[in-house]
Amino acid sequence: MTEIIQLRPGQPGRPTQAPVRADVKARLRARHRGNARYRAYGLSALVLASLFLIVLIADIVVKGAPAFVAHRLMLDVQLKADVIDPQGKRDRSTLLAADYMALAREALASAVPGVEGRVAKKQLNDLLSSGAADDLRDMVVANPKLIGSTPSVPLLLSDTADLYYKGDGTAVVQGPLARGIATPSGTSGEITILSSSNDFAGQLVDAKMALLARAAANRAEAQRIGKLKYEGAPERVAELEKSALELEQRGSAPAEEEVLDANLPSMLVALNGGLVKIAKFGNSSATGEVLVPLSSSEDAKPGSWRFITYTTAEAIRNVSDRSVAFLEKLKSAGKVDKAFNWRFFTAGDSREPELAGIRGAIVGSILTLLVTILTALPIGVLAAVYLEKFAPKNWFTDLIEININNLAAVPSIVFGLLGLAIFLNFFGMPRSAPLVGGLVLALLVLPTIIIATRAALKAVPPSIEEAALGVGASKQQAIFHHVLPLAMPGIMTGAIIGMAHALGETAPLLMIGMIAFIVDVPKGLTESATVLPVQIYLWSDLPEPAFQAKTAAAILVLLAVLFVMNGTAIWLRKKFERRW
């Protein structure tokens, strides 16, 4: 006690405080300071953990959000009868076998007219996904009356084109309108543009400054490598120094013409309805390649043409200058549409990022967890009931309990090795099947269910079992008719948490072959399948940038499912919790 209460003589009921010693006050203050520090440490740890969680979730959301939207081209596609159904029989097999991609490419060529040359046409066609004609085929098969018409159809873009519209490309800077008259030497191919007012002088100065900046960057890199002193460093330093010297010489000659390479920002000229990529230019003239064909007009008047700059060098981006020109032209024409990416949830896996989805992984996860719960729950509950209520207390049951507790802490990959040895090698079950995956995960969560069930049984007051026995019920009736139903909320909570644990496991499933590339959605327990964690693992190892967003989006879906399962467990515990 920190104080002593006394009564003054002659005044009953009126307490007085005895003097508190200084050392007691000091200890009391020290204890209060310790409590304050403990609360501050706990609050700091909670805030720090929350910040880490918020940063992690925010990073995943930012990276995964682009995967939930997709860009499409709204083009007028002419559904030619001689291509789709030459015989006019409207036979389903004939409609399915038609070349719809040729029709889609014709529609794209009509949207960007005048493109000539094999390379240019290939770059234009590469804007469409290899699955762009799938929706067109489904539409025609569902309604053959459309044959011969020209409907507006959404065509799926390739992953690079889709990423460009999502911002993973280059900033397009439009310069001011030029002052002089531009005279092009042609409308396609390699042409020369002459300006009457030295309109290229400003661009030439910018190019020279960029060269000097690259020279400075090369010298800084040479100095950094020179300090490392690893094998081959002197040769690399000499190479960088030589490159820096050449760039400085080019940048220090303002009157000389300059050649633009892929390591410099791309400079283009927009005139006469077309676009020209500049390869070499001086103060009043430029030579370049036509990306978008020009009209037949011989020159561009003052104020009718301008410079356009792609700020990111072509060498360090995934989309070429010509493709950027095509994409910008389609965007300015209002042909680009953005919509929710339902294909992400309705399609199976694919090597093409824009066609890949998680439907196969979701179905595989459901089938695998179905096998897991049907196997682990009854075995785990019955084992827990026997150990808690029926098993004698001897060295054998003590050994079983110790092993169950140890199995709950065994690394999950050990269960994968066990499944590989028993289910695949010994019993010869199909590899990469939900049946085998479910059995392996059942072994993994079985200790968790047993421990949770025993804890739930212990939470039921013994008086309930004793009362049942007192009115004539047998031991089995008392347990299964009275104790077990009252313990069921705790059992279900443990089972749901165990299933959430199983859903997030990857290592044991990799050991039984569920890492295979599975395109089709599984229709049974013995067909090849994959699950969400394994799908995430597969996508994370692919080099295409679009799969990075797919990986983050799949993680978001997996986290959402886990949050729902854990939230359900908490809700069941709160709803059916009893205070005895």
Mind checking whether some residue in the range 258-272 is under 25 Å from residue 332 (Cβ atoms) and either in a helix (DSSP H, G or I) or of a type in the set (Val, Ile, Thr) (or both)? yes
Is at least one residue of the range 468-478 in contact (Cβ under 8 Å) with a residue 24 or more places away in the chain and open to solvent by less than 30 Å² (accessible area, probe 1.4 Å)? no
Taking the range 353-363 and keeping only residues that are out of contact with any helix residue (DSSP H, G or I) (no Cβ under 7 Å at 6 or more places or on another chain) and of a type outside the set (A, V, I, L, M, F, W, C), one is left with 360
Counting just the residues of the range 95-131 that are surrounded by 15 or more Cβ atoms within 10 Å (Cβ to Cβ) and touching an Asp or Glu at 6+ places or on another chain (Cβ under 9 Å), which one comes out nearest to residue 153 (Cα to Cα)? 107
Starting from residues that are among the charged types (D, E, K, R) and part of a helix (DSSP H, G or I), keep the ones in the range 63-99 and report whichever is nearest to residue 110 (Cα to Cα). 82
Would you be able to say whether some residue in the range 75-83 is out of contact with any His (no Cβ under 7 Å at 6 or more places or on another chain), under 30 Å from residue 545 (Cβ atoms) and touching a residue at least 40 places away in the same chain (Cβ under 8 Å)? yes
Restricting to the range 150-184, and then to whatever is surrounded by fewer than 13 Cβ atoms within 10 Å (Cβ to Cβ), of a type in the set (Gly, Ala, Ser) and part of a loop (DSSP other than H, G, I, E, B), can you tell me which residue is farthest from the chain's Cα centre (by Cα)? 171
Restricting attention to the range 385-428, and to residues there that are part of a loop (DSSP other than H, G, I, E, B) and in contact (Cβ under 8 Å) with a residue 40 or more places away in the chain, which single residue is least open to solvent (accessible area, probe 1.4 Å)? 408
Enumerate the pairs (first residue in the range 292-313 and more than 23 Å from residue 112 (Cβ to Cβ) and part of a loop (DSSP other than H, G, I, E, B); second residue anywhere and open to solvent by 50 Å² or more (accessible area, probe 1.4 Å) and charged (D, E, K, R)) with beta-carbon separation below 9 Å, excluding pairs fewer than 6 apart on the same chain, so at least 6 apart or on different chains. 302/179; 303/179; 313/261
Can you pull out every residue in the range 543-563 that is without any contact (Cβ under 8 Å) to a residue 60 or more places away in the chain and not in a helix (DSSP H, G or I)? 543
So which of 338, 242 is under 28 Å from residue 115 (Cβ atoms) and surrounded by fewer than 16 Cβ atoms within 10 Å (Cβ to Cβ)? 338
Collect the residues in the range 314-334 that are in contact with a helix residue (DSSP H, G or I) (Cβ under 6 Å, 6 or more places away or on another chain), open to solvent by less than 20 Å² (accessible area, probe 1.4 Å) and part of a helix (DSSP H, G or I), keeping them in residue-number order. 321, 323, 326, 327
Of the residues in the range 185-213, those that are touching a Leu at 6+ places or on another chain (Cβ under 6 Å) and either aliphatic (A, V, I, L, M) or open to solvent by 60 Å² or more (accessible area, probe 1.4 Å) (or both) number 2
Being free of Cβ contacts under 8 Å to residues at least 60 places away in the same chain, within 19 Å of residue 373 (Cα to Cα) and assigned to a helix (DSSP H, G or I) narrows it down to one residue among 533, 508; which is it? 533
Here is a list of conditions, (1) touching a residue at least 12 places away in the same chain (Cβ under 8 Å); (2) assigned to a loop (DSSP other than H, G, I, E, B); (3) under 15 Å from residue 362 (Cβ atoms), and residue 523 meets all of them except one; can you say which number that is? (1)
Could you go through the range 248-258 and let me know if any residue there is at pLDDT below 90, open to solvent by 10 Å² or more (accessible area, probe 1.4 Å) and of a type in the set (A, V, I, L, M). yes
Evaluate the following for residue 28: is it surrounded by fewer than 14 Cβ atoms within 10 Å (Cβ to Cβ) and in contact (Cβ under 8 Å) with a residue 24 or more places away in the chain? yes
Which numbered condition residue 494 fails, given (1) under 24 Å from residue 560 (Cβ atoms); (2) open to solvent by 30 Å² or more (accessible area, probe 1.4 Å): (2)
Unmet requirement for residue 517, which otherwise passes all of (1) more than 24 Å from residue 414 (Cα to Cα); (2) open to solvent by 30 Å² or more (accessible area, probe 1.4 Å); (3) not hydroxyl-bearing (Ser, Thr, Tyr): (1)
Note on residue 234: of the conditions (1) part of a helix (DSSP H, G or I); (2) in contact with an Asp or Glu (Cβ under 8 Å, 6 or more places away or on another chain), unmet is (2)
Consider residue 487 against the criteria (1) under 39 Å from the mean Cα position of the chain (by Cα); (2) outside any loop (DSSP other than H, G, I, E, B); (3) of a type outside the set (D, E, K, R); (4) surrounded by 15 or more Cβ atoms within 10 Å (Cβ to Cβ): it satisfies all of them except one. Which criterion is unmet? (1)
Given the condition at pLDDT below 85 and either under 37 Å from the mean Cα position of the chain (by Cα) or among the aromatic types (Phe, Trp, Tyr) (or both), answer yes or no: does some residue in the range 230-240 qualify? yes
How about the range 259-284: which of its residues are of a type in the set (Gly, Ala, Ser) and either in contact with a Leu (Cβ under 8 Å, 6 or more places away or on another chain) or buried (at least 20 other Cβ atoms within 10 Å of the Cβ) (or both)? 266, 270, 273, 274, 279, 282, 284
From the set of residues in the range 133-144 that are touching a residue at least 40 places away in the same chain (Cβ under 8 Å) and touching a Phe, Trp or Tyr at 6+ places or on another chain (Cβ under 9 Å), which is most open to solvent (accessible area, probe 1.4 Å)? 137
Filtered residue count, the range 343-384, keeping only those that are assigned to a helix (DSSP H, G or I) and open to solvent by less than 50 Å² (accessible area, probe 1.4 Å): 22
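The values are calculated or read from the model by the stated rules, or taken from the named source; none is laboratory data. Predicted, not measured: the structure shown is a model, and the values here were computed from it. Because the Cβ atoms are built from the backbone with ideal geometry, glycine has one as well, and the counts that use them run over all protein chains shown. Keep in mind that these areas ignore ligands, DNA and RNA; they rest on the heavy atoms of the full protein, side chains included. Shrake-Rupley method; radii C 1.70, N 1.55, O 1.52, S 1.80 Å.
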